[in-house]
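Input: a single structure, listed below in C-alpha cells.
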Amino acid sequence: MGIFSRFTDIVNANLNALLDKAEDPQKMVRLIIQEMEDTLVEVRSVSAKTLSEKKDLNRQLTRLENEVVEWERRAELALGKEREDLARQALLEKAKLEETIDALHAEIQRVDDHVERLSGEIGQLQEKLSDAKARQKSILMRERTVSSRLTVKKTLDSGKVDDAMYKFERYEAKIDDLESQVDAYDLGKKTLADEFRALESENRVDAELEALKEKLKGKKSD
C-alpha cells in the first residue's frame with residue numbers, strides 16, 4: 001500500500017468519525033494537517049531505515065567482491081602449483097559468490113527504486129502540507145464568516161428583530177403621548193411675549209385702518 005493510500009484511509013476514517021459527531025470544521029482542518037505531519041514523520045523514518053539497509057547491502061557487496069578476487073587468486077595459485085583439483089574448487093566457490101553478488105545487485109536496485117518512490121512521495125506530501133497550512137487560515141476565516149451569517153439569518157428568521165422593533169414603536173408611541181399631554185397643559189395660556197405680539201398686531205391694524213379712511217376721503221373730495 002502506498003503512502004497516500006494509507007494516509008487517505010487514516011484521514012477519511014477520522015473525518016467520518018468527526019462528521020458523525022458533528023464536529024466543527026476547524027477541528028477537521030487541524031486533524032488533516034496533523035495527519036499529514038505524522039505521515040511525513042513516518043515516511044522519513046522509513047526512508048532512513050531503507051537507506052541504512054542499502055548501506056548494509058553495499059557493505060556485503062564489497063565484502064563478497066573482495067572474496068571473489070581472493071578465490072580467483074587462489075585458483076591461479078593452485079594452477080601454478082599444478083593442483084588443478086584445487087583450482088577447480090576455488091572457481092566453484094567464486095561462482096557461488098558471483099551468484100550471491102548478482103542477487104545483491106538486484107536487491108540494491110529494488111531498494112534504490114523504493115527510495116526513489118519514497119523521495120517523490122515525500123516531496124508531494126511536503127507540497128500538500130505547505131498548501132494545507134497556507135489555506136488553513138482562509139478556510140477558518142470562511143467558516144467563521146459563514147457561521148456569523150448563519151447566526152444573523154437565524155436571528156432574523158426567528159422574529160426576534162421584528163418583536164424588538166414592535167417594542168420600539170410602542171415606546172415611541174408612549175413618548176408621543178406624554179409629549180402631547182405636556183403640550184396640552186400650555187394650550188390657552190398666553191405668555192408675556194404673546195401679549196406684546198397681540199398689541200403690536202393691533203397697532204398695525206389700526207394704522208392700516210386709518211390709512212384706508214384717508215384714502216376713501218380723498219376719493220370723495222375728487
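The table below lists the values:
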| item | result |
| --- | --- |
| Area of Arg170 that stays accessible when all protein chains are in place (1.4 Å probe, Å², to 10) | 120 Å² |
| Accessible area, probe 1.4 Å, largest first, for residues Met36, Met28, Met141 | Met141, Met28, Met36 |
| Fully extended contour minus Cα-Cα distance, from Asn203 to Glu67, at 0.36 nm per residue | 34.7 nm |
| Probe 1.4 Å - accessible area at Ser201, Å² to nearest ten | 50 Å² |
| Accessible carbon and sulfur surface of segment 62-129 relative to its total accessible area, %, 1.4 Å | 50 percent |
| Label zone at Gln89, where the point sits 7 Å out along the Cα-to-Cβ direction: segment 48-70 residues whose backbone N lies under 17 Å | 70 |
| Heavy atoms of Thr151: accessible area, 1.4 Å probe, square angstrom to 10 | 80 Å² |
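The values are calculated or read from the model by the stated rules, or taken from the named source; none is laboratory data. Fair warning: this is a prediction, and the values are worked out from it, not measured in the lab. A quick note on method: Cβ atoms are made from the backbone with ideal geometry, for glycine too, and the neighbour counts reach across all protein chains shown. Keep in mind that these areas ignore ligands, DNA and RNA; they rest on the heavy atoms of the full protein, side chains included. Shrake-Rupley method; radii C 1.70, N 1.55, O 1.52, S 1.80 Å.
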